[in-house]
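Since the structure comes first, as structure tokens, the remarks are kept for the end.
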Amino acid sequence: MSLDKIGQDEWVEQRNARAAQRGPLARALARLEQANPLLVAGVLLLLAALVPLTTSNDYIIRVAGNVCLFGLLALGLNVVVGYAGLLDLGYVAFYGIGGYGYAMLSSSQFGLHLPAWISIPLVVAVAALFGLLLGLPSLRLTGDYLAIVSLGFGQIFVLLANSMDKVNLPWSEAPLNLTGGPNGITDLDPIHIFGMRLTSVTHYFYLLLLALALIWLVLHHINSSRVGRAWRAIREDTLAAETMGIPVRRLKLLAFAIGAGVAGLSGSIYTAWQTAVFPSNFDVTLLITLYAMVVLGGAGSQLGAIAGALLLSVIPELLRGPDTARLLFSGGIVAMTLLLTRPRWRGAALLAAVLVFGLLVKLVLGALLPDLLGAPAQPASAGLAGLAQRWLVFPQNPTLVGNIAFVLVIGLLMLVSRVHAPRLRFGLLLPTLYLLAFVWETRLAAEPSVTRLLFFGAILVLLMTYRPHGLFGKPRVEVV
Amino acid sequence: MDAFFNQLPQQLVNGLTLGAVYALIALGYSMVYGILQLLNFAHGDVYMIGAFVGYGVLTVLAPRSGLLLPVWAIIPIMLLVAMLLSGLLGILIEWFAYRPLRNAPRIAPLISALGVSFFIQNAVLLTLSASYRTVRTEALLSPRLGIDLGPARISAVRILVIATAIVLMFALDHLVRRTRLGRSMRAVAIDREAAAMMGVDVDRVIVTTFFIGSALAGAAGVLIGLAFTQVWHLMGFTAGLKGFTAAVVGGIGNIPGAMLGGLLLGLAESQAVGFISPTNNDQNPIVVLVLVLLVRPTGLLGARIQQKV
């Protein structure tokens, strides 16, 4: 903290000293933040481009393609929520407009078989227009009302997509089939560009990667320009921004339009890949998933949006196999316990205590009430997994007991998070961790799709209460 | 046209029933918004939990073999237990998901609320599965009971729903306007800091507001369960959206506004169901919302917001 030089700021010195004291993970993240974002992006994209060359497993390439798709969507959502600070809950509707637009223009639905290089830009323009239209009434509304109106817009889109397969026109007898209703539109043309016909997963992966790179670059440039600075000003304090002469209305509409355009692009490429589009693709679950990705990565940071998309696409895929899922889950619990306890040996002691507790529970229940115990539903034989299963107790009625344990665990976790007395915390964590492992084996592992959704919901709440700026975002201070 | 007039009274009755329930849900939203300026997305899911609790109580007290208690005892027990548990759930949600975010940027509690809502829906999906539960109202009130008012028939269940909703709303109005607690709630809604300086325990008022709002939502859940007999994990989402819309249409933060908004929305929905299409009524609340907000951005009875510099 030397103040020899005139103009040196004491707060900045203190901040640097504080930063130097943080753990290795935080330091690595900070160094990543300071690196040239274009360089970081370039390296990541290059690594991604090598993925299809390293594996011929179509499943992995499809997952990689999904990561790119979600990355695109997250980047678009990041523009609206992260840069301009507008809570747009109808974002998935633009994704749907992109999808249905492509489906209507490049399929046998209306006999139009427009080539992709015409239909996709058209669809992006239409989606951006709709973004503008949604933005218009929002200008008169404060942030909370915008949330409801945009949520309503998203719902209306799905409803219309579901019901517009029999539109009655006054000038014709037969009803018009606009969107195919709940069965959607199928048999879409695959994309033909530059003389190539894109049919395989690898083709679409590269197309999505290219689109991702392009959008990332374009958005980075927009964000580093006056527009980006104005957006940040609007996000921090709209009234002050307006006072400074920033055209708030125009910029809000621009944010909406750009976000919608990106979503439209993603939608059109996605439906071309799937060669079909259904209304159920665009539901609230997808919205929550996207929000979880952007929030996890850090709203306002493009690298964060990509990181969030990567993590939340890959982890649910890893959770599909019960053995990898168990490893991931218990590994995650162990890692978190060790990371979050200071000094570290307390965390290790806690884990050891939990193991002992589990054995005790098994012994006591086995001795006193052996009739209650049964066998695991999915016996795992291999070493560590088998040990884990032998350590746990399995009741005769795993569903019921597991459900009760689930509710208990939630209550205990909430209690533990707000209790700070060390011994009480230790005492509470013991049954909590044991019950977590128990609930995993009996209920969560049995239903991976619901577990994934629980995970996303929990991420949103926990991140907002503990680290609202996510992984790569900048912590914001609300000046009251 | 004849069909319109013939059906009108019945649709009015349906509209009143729906409107009463939407008003109860909207009240919870309005109260919480008035005090915290927070849109509690999880409110709809508290309503859903209330409906499930009511279903559970009914299943215990009215098994197939016969009623364990007389009808006039079972229904109040259902309501009380559901209201209590929903209120407690509301308090829990506030304590865990909103209290740490009192001083955070406005977007943070909204996203947290989204997360809570999603989590509760999927927790119910995990523990209770996705199947629709049927509330056996006919075990309590025979479907033949009811009054005929001209061409309209009001069944006993609907009378119960409307009457209970009216009683609860009167009770709330009495609480807010004539008790000390109500005065504290109004004070905190007007200016939190000044109320704290005047000796109001702001945290306690907030907790009580959440309890009351969530209890009302729980009651609404039980009533809807009795009236429409279907309970499932996603019912909170649609009802929450409609309750939202009702609160906003009436002017959010405004208790009479919430009641008015609920009524209007219920009537609009029943008219649409009766005359436009029975399957396509979900978007009408949104359309009504957008129209009202375009004309009066703060809702029908809402105060004109002046931006303070």
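The values are calculated or read from the model by the stated rules, or taken from the named source; none is laboratory data. Here the structure is a predicted model, which means the values were calculated and not measured. Neighbour counts are summed over all protein chains in view; Cβ atoms, including those assigned to glycine, are modelled from backbone coordinates with ideal geometry.
Some notes on this structure:
- Among the candidates A:ALA93, A:ALA64, A:ALA74, the residue that is within 30 Å of B:VAL249 (Cβ to Cβ), within 25 Å of the chain's Cα centre (by Cα) and part of a helix (DSSP H, G or I) is uniquely A:ALA93.
Matching residues to (1) in a loop (DSSP other than H, G, I, E, B); (2) at pLDDT 90 or above; (3) farther than 30 Å from B:PRO297 by Cβ:
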position	(1), (2), (3)
A:ARG140	yes, no, no
A:VAL158	no, no, no
A:LEU217	no, yes, yes
A:ASN223	no, yes, yes
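- Count - residues of segment B:102-120 that are among the hydroxyl-bearing types (Ser, Thr, Tyr) and facing another protein chain (nearest Cβ under 7 Å): 1
- Restricting segment A:274-297 to residues that are away from chain B (no Cβ under 14 Å) and surrounded by 23 or more Cβ atoms within 10 Å (Cβ to Cβ), the residue that is nearest to A:LEU217 (Cα to Cα): A:PHE282
- Selection status of A:TYR91, in contact (Cβ under 8 Å) with a residue 40 or more places away in the chain and either more than 14 Å from every other protein chain (Cβ to nearest Cβ) or of a type in the set (A, V, I, L, M, F, W, C) (or both): no
- With respect to (1) within 11 Å of chain A (Cβ to nearest Cβ); (2) modelled with pLDDT of 80 or more; (3) part of a helix (DSSP H, G or I); (4) touching a Leu at 6+ places or on another chain (Cβ under 9 Å), the lone exception for B:VAL288 is condition (2).
- Qualifying residues in segment B:195-242 (those that are among the charged types (D, E, K, R) and assigned to a helix (DSSP H, G or I)) - the one surrounded by the most Cβ atoms within 10 Å (Cβ to Cβ): B:LYS242
- Lone unmet requirement of (1) within 13 Å of another protein chain (Cβ to nearest Cβ); (2) under 26 Å from B:ILE190 (Cα atoms); (3) crowded, with 20+ Cβ neighbours inside 10 Å for B:ASP45: (2)
- Unique residue being within 14 Å of another protein chain (Cβ to nearest Cβ), within 17 Å of A:ALA257 (Cβ to Cβ), more than 20 Å from the chain's Cα centre (by Cα) and crowded, with 23+ Cβ neighbours inside 10 Å when the list is A:GLY135, A:GLY131: A:GLY135
- Screening segment A:415-450 for residues that are farther than 14 Å from A:ALA325 by Cβ and of a type in the set (Val, Ile, Thr) and picking the one that is modelled with the lowest pLDDT gives A:VAL419.
- Once segment A:418-440 is narrowed to residues that are without any contact (Cβ under 8 Å) to a residue 40 or more places away in the chain and surrounded by 15 or more Cβ atoms within 10 Å (Cβ to Cβ), the residue that is farthest from A:THR341 (Cα to Cα) is A:VAL439.
- Residue within segment A:449-469 that is away from chain B (no Cβ under 11 Å), hydrophobic (A, V, I, L, M, F, W, C) and surrounded by 20 or more Cβ atoms within 10 Å (Cβ to Cβ) present: no
- Checked against (1) more than 14 Å from chain B (Cβ to nearest Cβ); (2) surrounded by fewer than 23 Cβ atoms within 10 Å (Cβ to Cβ); (3) farther than 18 Å from A:ILE258 by Cα, A:PRO121 passes all but condition (3).
- Which numbered condition A:GLY300 fails, given (1) part of a helix (DSSP H, G or I); (2) modelled with pLDDT of 85 or more; (3) crowded, with 16+ Cβ neighbours inside 10 Å: (1)
- In the set (1) at pLDDT 75 or above; (2) in a helix (DSSP H, G or I); (3) away from every other protein chain (no Cβ under 12 Å), the condition left unmet by B:LEU301 is number (2).
- Identity of the residue in segment B:22-42, more than 19 Å from B:LEU300 (Cα to Cα) and not small (Gly, Ala, Ser), that ends up farthest from the other protein chains (Cβ to nearest Cβ): B:ILE35
- Sole exception among (1) farther than 24 Å from A:THR179 by Cβ; (2) of a type in the set (A, V, I, L, M); (3) under 19 Å from the mean Cα position of the chain (by Cα) for A:LEU53, by number: (3)
- Residues in segment A:47-78 that are loosely packed, with under 15 Cβ neighbours inside 10 Å and among the aromatic types (Phe, Trp, Tyr): A:TYR59 only.
- Residue check for A:GLY111: touching a helix residue (DSSP H, G or I) at 6+ places or on another chain (Cβ under 6 Å) and either at pLDDT below 90 or not in a helix (DSSP H, G or I) (or both): no
- Residue list for segment B:124-155, restricted to those being within 14 Å of chain A (Cβ to nearest Cβ) and out of contact with any His (no Cβ under 9 Å at 6 or more places or on another chain): B:LEU126, B:THR127, B:SER131
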